[in-house]
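First comes the structure, then the notes that go with it.
The values are calculated or read from the model by the stated rules, or taken from the named source; none is laboratory data. Here the structure is a predicted model, which means the values were calculated and not measured. Don't worry about glycine lacking a Cβ; one is built from the backbone with ideal geometry, like all the others, and counts go over all protein chains shown. Areas reflect the complete protein model, heavy atoms only, side chains present, ligands, DNA and RNA absent. Shrake-Rupley method; radii C 1.70, N 1.55, O 1.52, S 1.80 Å.
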Amino acid sequence: MLASTFLIVCLSIYLVSSALDVLIGARQPMPDQSFDIVVIGGGIVGLATALQFGRAFPKLRLLLVEKEDRVARHQSGHNSGVIHSGIYYKPGSLKAKLCVEGAAAMEAFCREYGIPVEICGKIIVATSAEEIPRLQGLLERGQANGILGLKMLDKVQAREIEPQCGGLAWLHVPTTGITDYVAVCAKYAELIGAQGGSVSVGTEVKGISRGNGETVVETTRGSIGTKYLINCAGLHSDRVSRLAGEKTEVTIVPFRGEYYDLVPEREHLVRGLIYPVPDLRFPFLGVHFTRRVSGGVDAGPNAVLAFKREGYRRTDFSLQDMADTFAYGGFWHMAAKYWRSGAGEFYRSFHKPAFVRALQTLLPDVVSADLVADGSGVRATAVARDGSLVDDFKFMCSQNVLHVWNVVSPAATASLPIGREIVRMASSGFGLASG
Ligand SMILES: Cc1cc2nc3c(=O)[nH]c(=O)nc-3n(C[C@H](O)[C@H](O)[C@H](O)COP(=O)(O)OP(=O)(O)OC[C@H]3O[C@@H](n4cnc5c(N)ncnc54)[C@H](O)[C@@H]3O)c2cc1C
């Protein structure tokens, strides 16, 4: 008798609560916390975006979530540390505009907050007759982008700057610099906190549901309700977009860039930065020499297809990541167009003498024994359905969610104006009034 009464009471409670759910349309569970803006991704772009949002909208409650135990664990902590001048990018593109502006802003930011920075300049070297007109083309592009101080050099002038460099023609870019982007990210995170925002590390986004005016983000630390959501998830930005129900126009294909280090006794061979003339069909610059702001000289990075989105070793492999790449038609279109360059990159990756030969065109005296394998980084390269590599930075705003795709190099350099640009797009897309 007691048991049947208990059962009837339980059943009634269940029926009443289900009926209420239907009546008030409460399909989404109540989130554990609520914010006005949530930014996904604690790389340099997500952090700069959160920083700029806090500056523009100080009253909004802002949270940045990062799945790793600290910020800058992926692209932003595995790059060359170069403050690019903006010479490579198509005049009028966002990349060109935001890089030129970003380079000046990055130098000023580093100086203001005591982050190591050095404007050491760079030499771009044409190593064959065929590259000389392309080098001239870069000079014109750089001038069109408003970069100051560009100058073609003769051999004597080039050797005054980089005494050991080889080549046939040289372009000097005096405004290129170097910094420590991990330190920049740490400072962005600190400033976000000082402005009243929060950064929650160890918080992975697993699901996104969009309801009436509110988006609920399911994370490994509970659910978060937010009015506005910005997806800056880098190598996972396409997946996070799909979690939010978007049909993505691009898929992220990971390309690993591997570095060697010049041994300390040979670091004197390089004073600043020595780069080849790049093939502008690709968003990669070709292997080069880069002095690190903390000391040491890197050689690389190459660009090989990675078998894992966050895989930093050649042996790293993820079945899901590979399945996503190989199931994507755009990947096969890209492979059909560029298989020759891709095969060359693989060969150089597994065959050190080939890597060294590419470097010797810039620095004839370097030999295999001067180079020891160092770390790597993985680029989040957005590939369109037709197999083209998306050239410019790419963003997509859909109702109250903004997705950031393809913020590849020079996005670290340009992070401050990229953040500001995202805030501008989001404010108009979301209908936010500043203040
Ligand atoms: C080898 C290499 C060399 C480069 N060299 C330069 C250079 O010299 N100069 C320059 O300006 N640029 C350079 N770049 C480019 C630059 O580093 C990147 O464009 C920039 O770091 C991108 O920042 P991001 O914030 O978009 O991505 P990331 O730094 O990758 O950050 C994305 C973050 O999102 C997090 N995340 C992903 N999914 C989730 C989820 N579900 N939940 C929560 N968090 C999530 C990730 O953990 C990650 O921390 C280089 C890049 C590479 C790879």
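Estimated translational diffusion coefficient (Stokes-Einstein, Kirkwood radius over Cα pairs, 37 °C, 0.692 mPa s) of segment 72-118: 278 µm² per second. For GLU68 and ARG134, the difference between the fully extended length at 0.36 nm per residue and the C-alpha to C-alpha distance is 19.6 nm. With protein chains left intact and a 1.4 Å probe, residues in segment 225-299 average 33 Å² of accessible area per residue. A Cα-only calculation for the chain places Rg and Dmax at 24.5, 103 Å. Using the Cβ of LEU94 as centre and a radius below 14 Å, the other residues enclosed give a net charge of +2, where K and R count +1 and D and E count -1.
Per the Kirkwood formula applied to alpha carbons, segment 181-289 shows a radius of gyration over Rh ratio, Rg over Rh, of 1.11. What share of Cα pairs, in percent, lie more than 18 angstrom apart in segment 242-353? Above the 18 Å cut-off, segment 242-353 has 60 percent of its Cα pairs.
Per atom type, the chain shows carbon and sulfur on 58% of its accessible surface, probed at 1.4 Å.
In the chain, the DSSP beta bridges split such that about 70 percent are antiparallel, to the nearest 5. Computed on the chain, with alpha-carbon pairs under 8 angstrom and 6+ residues apart, the relative contact order is 23 percent. For segment 90-200, relative contact order (Cα pairs under 8 Å, six or more residues apart, normalised by length) works out to 34 percent. Remark: segment 344-385 carries a charge dipole of roughly 280 debye about the Cα centre, counting +1 on each Lys and Arg Cβ and -1 on each Asp and Glu Cβ. Computed from Cα positions, the angle between helix 94-113 and the longest principal axis of the chain comes to roughly 90 degrees. Seen from PRO174, the other residues with C-beta closer than 9 Å to its C-beta sum to a net charge of +2, counting Lys and Arg as +1 and Asp and Glu as -1. Volume per residue for segment 90-213 equals 207 cubic angstrom (convex hull of Cα atoms). Once the Cβ-Cβ distance between ARG313 and ALA433 is put in as r, and R0 is 51 Å, what FRET efficiency do you end up with, to the nearest 0.05? So, using R0 = 51 Å, E works out to roughly 0.55.
Accessible area per residue for segment 34-144, computed on protein heavy atoms with a 1.4 Å probe, is 37 Å².
Counted by Cβ distance under 12 Å from VAL71, the other residues give a net charge of 0, where Lys and Arg count +1 and Asp and Glu count -1. Cross-link reach is defined here as a Cα-Cα straight distance under 20 Å, omitting same-chain residues fewer than 8 places apart; for LYS227 the lysines meeting it are LYS59, LYS206. So what's the angle, to the nearest 10 degrees on a 0 to 90 scale, between helix 329-350 and the longest Cα principal axis of the chain? The angle comes out at about 50 degrees. A simple spin-label model places pseudo-atoms 7 Å from Cα toward Cβ; at GLN157 and TRP332 they are separated by 5.1 nm.
Its Cα gyration tensor gives segment 98-165 an equivalent ellipsoid; the semi-axes, largest first and in whole Å, are 27, 17, 9. Look at the Cα gyration tensor of segment 269-324: its axes a ≥ b ≥ c give a/c of at least 1.5 with a/b at or below b/c, and that counts as oblate. Short-range pairs are left out: with C-alpha atoms under 8 Å and at least six residues apart, the relative contact order of segment 331-389 is 51 percent. Rounded to the nearest 20, the size of the Cβ-charge dipole of the chain about its Cα centre is 520 debye, with Lys and Arg at +1 and Asp and Glu at -1.
In plain terms, the bigger the Kirkwood radius, the slower the diffusion; for segment 304-366, with that radius from Cα pairs, at 37 °C and 0.692 mPa s, Stokes-Einstein puts D at 245 µm²/s. Can you classify segment 326-435 as rounded, prolate or oblate using the Cα gyration tensor, where a ≥ b ≥ c are the square roots of its eigenvalues, rounded means a/c under 1.5, and otherwise it's prolate if a/b beats b/c and oblate if not? Cα axes put segment 326-435 in the oblate bin. Each Lys and Arg contributes +1 and each Asp and Glu -1, all at the Cβ; summed about the Cα centre of segment 172-303, the dipole is approximately 240 debye. Between the residues ILE178, GLY193, PRO163, the greatest Cα displacement towards the positive end of the dipole of segment 145-201, with unit charges on the Cβ of Lys, Arg, Asp and Glu, is found for PRO163. The helix-based estimate of mean residue ellipticity at 222 nm for the chain, built from -39,500 (n - 2.57) per DSSP H run of four or more residues and divided by its residue count, is -11500 deg cm²/dmol to the nearest 500.
Against the chain, whose longest principal axis is taken from its Cα atoms, helix 415-430 shows a tilt of about 40°.
Built from the Cα atoms of segment 144-193, the convex hull projects on average onto 5.7 nm², one quarter of its surface area.
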